[in-house]
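FYI, it's all coordinate maths here, none of it is from the lab. These figures come from a predicted structure and were not determined experimentally. Note: ideal-geometry Cβ built from the backbone for every residue, glycine included; neighbour counts use all protein chains shown.
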Amino acid sequence: MAVIILIIITALFFPGIILRIKSIASGRKGPGVLQPMKEIAILFRKGSVFGDTSGIIFRISPAISLSAVVCAMMVLPFGNLKAVISFEGDFIFFSYILALGKFFSIIGALDTGSSFEGMGANRETFFSMLIEPAFFILLATFAMFTGHTSFSDIFAGFHISSDHFILIYSILAVYIIIQIAVVENSRVPVDDPKTHLELTMIHEVMILDNSGFDKALIHIGSYLKFAVFGTLLYNVVVPAGINTILQIALFFSIQFVFALTIGLVESFRARNKMNKNPKFILTISAVAWIAFVLILIMTNKLT
Amino acid sequence: MKNNQEYFIIKNNSSSADLEDIPVMDYVSFREKIISALNEENKHCISYYSVPSEDYLRLICCIADDSDKSIEIFSCKSGKDIKLIESAASLSPQVHIFEREIHENTGIVFTGHPWLKPVRFSHSRADKSKTVDGYPFYSIHSEELHEVGVGPVHAGVIEPGHFRFICNGEKVHHLEIQLGYQHRGVEELFLSKQDALQWCILSESIAGDTSVGHSLAHSQLIESLSGMEVSEGLQIERCIALELERVAVHIGDTAALCGDVAYQLGQVVCEALRTVVINTTQLWCGNRFGKGLIRPGGSNYPLNEEIAQAIYDTAGIVEERFGEIADCIYSTPSVLARFDEIGIVTKKQAHAIGTVGPSARTCGIERDIRRSHPFQYFRNYIVDPVILESGDILARGMLRSLEVQGSIKIIRDLLKIWSESKRNEEKPVYNYRLKPDSFSLALVEGWRGEICHSAMTDKNGKISHYKVKDPSFHNWMALALAVRNQEISDFPVCNKSFNLSYCGHDL
């Protein structure tokens, strides 16, 4: 249960911290850290507007997307504390429950019948498809050298071994997880969450028709997703079984550094050209492959 | 000024001519003459329009010769009943938009015109049954291709216009731009208003981002039609105002270009810097966009030592800070990847469609009115236009930063000359008399390119015809060509790199 509370607390501040960092980097005062939450509160007080062409799918998709993220949170452990639900192969459940949420947001977008949203859905599907191998190769590598296939067991056993290859692998894993998070959450350089230009959008264009309550659900889902990936990062970096207070402190610092990285990247670089995105995403999968082969060689599993 | 049998030559930008002196041809030779004139590389069409009259139809085509500072005026008269004439656009594509406009206003059908569609659905169009909702879009019936329509209401704070793409997946095959949503009837207002001050205010509002450019063109036109001479001091002030406008808009455009590719640093720095420049204009005349600054015959806001110093300081700030951020923008790999070799307009295309201003200069064409047909103090101060060759978004971005540097140098030099010259004490003149039965035309190089105002007066010295041409009128076609075979997601940044005016086109 602890991990869910921690993720929710992180999600409250995460988008605000990115915003603050971007405004500080651009020399502006910027809004407060809790501004995104205030906006969500405003959205919750509003009703939703539905287009004439949209049907039931469009109405249920935001709720399903959010609940998918909440389900994914259930299988994440926190150090030695086991996840709420834990079973063999739960990382596959994790990946596909997130994919289910995405699937519903995609068909919800198609349901509106708008040519923009169709275009965005098309892009989102393509890029999600390309990022999937990276995640599975990463988790397969964990499974390979810990011998477990559930998050709780993998991360409990991960740091017990003190081989030097763990360090190399952790560094690569951190890189891969950050990049996956960038793609999954549609941030710069893959997508620009701030843009108003429908033709360049990927994720944002899919939610153009959503308003009020539904839009709030979508925002909450994406903030939680950030915290979920931050939790994965924490589990990779911090060994299980140390002092609880220290663990919590480290958890929040890692989440903060994660937000800082995203904020700084968004401040000082432009986004990719759309046809460079597949290459960018495949590179992440390639790095995951390299890490996989590296572990194979180092643990002498090849022979 | 000299005359020959075929056309009338205006030797000097903004001088008037007697209507009688302009030779009149029949349409067949008129068409031949303009086609052969436009075949020359150094000539381009600056304006071509019909003058409605009771008993005949008059066409006037103004062609600028960039090599010898002259403007050739061709004219033809034909009977009112004529309905079908042969198009010149099939051989000289650059007149296509003008022929479309004439077709829309008079109902004349240009045979052989490849694209004879409405331009702006003007209030005075010949066929009132054509409406903006019934625009005849080009369409391809294919299983693979799909159409994407954007606008006329856009997500950002921009003007209305409809863009219809025909795409194969992410790739754009064809873009059709439909404008006309901003039509206010500017030219008709010039005729119905007959009040000098109202004209000034009207000219400032033709395109809100080019207030100085358009009001300067209008004032030049009025001065030439009424025979007013303005002092050197006032001419220098006008040039400084024009360059300040250029600096401000170019910096703002650079910010917008960075914003479109999500490069936050470039965007925020340039946005802040643009404010510094337009605030200087505000200090000078009370309006950030220079409204009220340019008036015929004089000025309500003569430059004084204090304002001159403020402009000088601003020039210093802009030079330093914009130089720094431009270096930063054009050396960031992720930004270059979005600009380089994207949205290319070739030199050949640019010549064919007669593009003007920065969008011509990025394609290797030296087309700068400040140099080719100098006006105001640019007659004494030689400007070196910036010419780039590649014709892509990077070139259009780089040109802006180079022109900002150029304009800052001009502002500094002009301030120096101004401080040594006699101060102008002229007040605006509104009770002038225009020469009867005259024709005049004024060219100004605004930041977007050449602005052309031309007018005719009747026998009582009243304006009987007024024609405005904003550079966007030529350049929208360049945008449509630039996005061909590009990704549809690159369209917004292509569009921003041209930053064309919707209301300047729609009038």
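When a/c is below 1.5 the answer is rounded, else prolate if a/b is larger than b/c, else oblate, so apply that to the range B:265-412 with a ≥ b ≥ c taken from the square roots of the Cα gyration tensor eigenvalues. Cα axes put the range B:265-412 in the oblate bin. Taking every residue in B:141-149 and counting other chain Cβ atoms within 10 Å of its Cβ, the average works out to 1. The order of A:183, B:212, B:24, going from fewest to most other C-beta atoms within 10 Å of their C-beta, is B:24, A:183, B:212. Among A:9, A:262, A:17, the order by Cβ neighbours within 10 angstrom, fewest to most, reads A:9, A:17, A:262. Contact order, relative form, for chain B: 19 percent (alpha carbon pairs under 8 Å, 6 or more residues apart, mean separation divided by residue count). GNM on chain A, alpha-carbon springs under 10 angstrom: the most fluctuating residue among A:40, A:242, A:284 is A:242. For the range A:113-130, backbone phi angles converted through the Karplus equation (6.51, -1.76, 1.60; θ = phi - 60°) give residue-by-residue couplings of x, 8, 5, 4, 5, x, 5, x, 4, 4, 5, 4, 4, 4, 6, 5, 5, 6 Hz, Gly and Pro being listed as x.
Remark on residue B:47: its backbone amide H falls under 5 Å from those of B:62, a criterion applied only to residues 5 or more positions apart or on other chains, H modelled at 1.01 Å from N. Loop-resident GluC sites (Glu not before Pro) (DSSP state other than H, G, I, E or B) in the range B:201-246 with no more than 13 further Cβ atoms inside 10 Å of their Cβ: B:229.
The string of couplings for the range A:85-90 from the Karplus curve (6.51, -1.76, 1.60, θ = phi - 60°) is 10, 8, 8, 4, x, 6 Hz, one whole number per residue in order, with x for Gly and Pro. Relative to its Kirkwood radius, the Cα radius of gyration of the range B:12-63 gives an Rg/Rh of 0.98. Shown here for the range B:114-156: trypsin sites (Lys or Arg not before Pro) in loop regions (DSSP other than H, G, I, E, B) with at most 14 other Cβ atoms within 10 Å, namely B:128.
Its Cα centre serving as origin, the range B:2-119 has a Cβ charge dipole (Lys and Arg +1, Asp and Glu -1) of approximately 220 debye. A straight chain from residue B:132 to residue B:300 at 0.36 nm per residue would run longer than the Cα-Cα distance by 56.4 nm. In this calculation the C-beta distance from residue A:28 to residue B:331 is compared with R0 = 25 Å, giving a FRET efficiency of 0.60. Relative to the longest principal axis of the Cα atoms of chain A, the long axis of helix A:244-268 lies at roughly 50 degrees. Only helical DSSP H runs with n ≥ 4 go in: add -39500 (n - 2.57) per run for chain B, normalise by residue count and round the 222 nm mean residue ellipticity to 500 deg cm²/dmol. Taken over chain B, the calculation gives -13000 deg cm²/dmol. Report the percentage of all Cα-Cα pairs in chain B whose separation exceeds 36 Å, rounded to a whole percent. Roughly 28 percent, rounded to a whole number. Taken along its three principal axes, the alpha carbon spread of the range B:209-270 comes to 52, 20, 8 Å, from the longest extent down to the shortest. Taking the Cα centre of the range B:186-506 as origin, sum charge times position over the Cβ atoms of Lys and Arg (+1) and Asp and Glu (-1), and report the length of that vector in debye to the nearest 20. It comes to approximately 700 debye. As a rough footprinting exposure proxy, the listed residues B:450, A:117, B:305, B:341 were ranked by other beta carbons within 10 Å of their own, and the order from fewest upward is B:305, B:341, A:117, B:450.
To the nearest ten degrees, helix A:164-184 and the longest principal axis of the Cα atoms of chain A are 10 degrees apart. Return, ordered by residue number, the residues of the range B:39-62 whose backbone nitrogen is under 19 Å from a label point located 7 Å along Cα→Cβ of residue B:15. Flagged as within label range: B:62. The overall shape of the range A:2-298, judged from the alpha-carbon gyration tensor, is prolate: a/c is not under 1.5, and a/b is greater than b/c. Taking each DSSP H run with n ≥ 4 as -39500 (n - 2.57) and averaging over every residue of chain A yields -24000 deg cm²/dmol at 222 nm.
Among the GluC sites (Glu not before Pro) in the range B:79-188, those located in a DSSP loop and surrounded by at most 10 other Cβ atoms within 10 Å of their own Cβ are B:143, B:144. Between the beta carbons of residue A:132 and residue A:213, assuming R0 = 35 Å, the FRET efficiency works out to 0.70 to the nearest 0.05.
The simple Förster model, with R0 at 22 Å and r as the Cβ-Cβ distance, assigns residue B:309 and residue B:379 a FRET efficiency of 0.25.
Taking θ as phi - 60° and the Karplus parameters 6.51, -1.76 and 1.60, the scalar couplings of the range A:199-208 work out to 6, 9, 6, 10, 7, 4, 5, 6, 10, 4 Hz in sequence order, x denoting glycine and proline.
Taking amide H as placed 1.01 Å from N in the peptide plane, residue B:298 has its amide H under 5 Å from the amide H of B:429, each at least 5 places away in sequence or on another chain.
All Cα-Cα separations within the protein assembly as shown were binned at 10 Å from zero, giving a P(r) of 2, 12, 20, 20, 16, 12, 9, 5, 3, 1, 0, each value a whole percent of the pairs.
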